[in-house]
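See structure below.
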Amino acid sequence: MADRSQRITEQVVYEALKDCYDPEIPVDIVNLGLVYGVTIVEDWVGVKMTLTTPGCGAADWITDNVRSRLMQIEGIEEADVRLVWQPAWNQNMMSEEAKKKLMFTK
């Protein structure tokens with residue numbers, strides 16, 4: 001299995017996470033700045049992320065979607081998603097692409 005897990009890279013994980021969205025915002029979670037870190041240990045991947053607000057009603061849906069998307073990556077046997085609230089998310093964490101799409105910049 002080690003040869004399969006060697007293909008799992010942060011870049012592959014982050015690209016996959018660009019398929020995950022908050023259902024109320026038309027920007028992926030990576031460009032929203034919600035993903036704080038990725039840890040890869042052999043065939044296990046952990047994602048540390050936040051949400052735009054602690055009271056987000058879609059929290060379970062989003063984390064289940066992230067976990068499901070990770071499990072589609074070849075070589076991943078286990079995936080964990082941890083929600084954290086520090087640092088608190090703010091609009092400055094968004095990519096320039098996200099800010100433009102949401103009209104925060106011109």
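The values are calculated or read from the model by the stated rules, or taken from the named source; none is laboratory data. Every value quoted in this text rests on a predicted model; they were computed, and no experiment measured them. Every residue, glycine as well, gets a Cβ built from its backbone with ideal geometry; the counts of neighbours run over all protein chains shown. The area values use the complete protein model at the heavy-atom level, side chains included, leaving out ligands, DNA and RNA. Shrake-Rupley method; radii C 1.70, N 1.55, O 1.52, S 1.80 Å.
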Per the charge dipole of the range 1-78 (beta-carbon charges, Lys/Arg positive, Asp/Glu negative, Cα centre), the residue among I73, V27, V47 reaching farthest to the positive end is V27
In the chain the DSSP beta bridges are antiparallel at a rate, in percent to nearest 5, of 55 percent
The extension gain from W61 to D19, computed as 0.36 nm times the residue separation minus the Cα-Cα distance, is 13.7 nm
Per residue, accessible area of the chain with a 1.4 Å probe, heavy atoms of protein chains only, in Å², comes to 60 Å²
Convex hull around the C-alpha positions of the range 4-63: the volume in Å³ per residue is 83 Å³
With bins of 10 Å, the percent of all Cα-Cα pairs of the chain per bin from 0 is 15, 47, 29, 9, 1
Note to self: C-alpha centroids of the range 5-77 and the range 81-106 sit apart, in Å, by 15 Å
Per-residue ellipticity at 222 nm attributable to helices in the chain (runs of n ≥ 4 DSSP H, -39500 (n - 2.57) apiece, nearest 500 deg cm²/dmol) works out to -7500 deg cm²/dmol
Mean-square fluctuation maximum in Gaussian network of the chain, Cα pairs under 10 Å, restricted to T50, T63, T39, hits T39
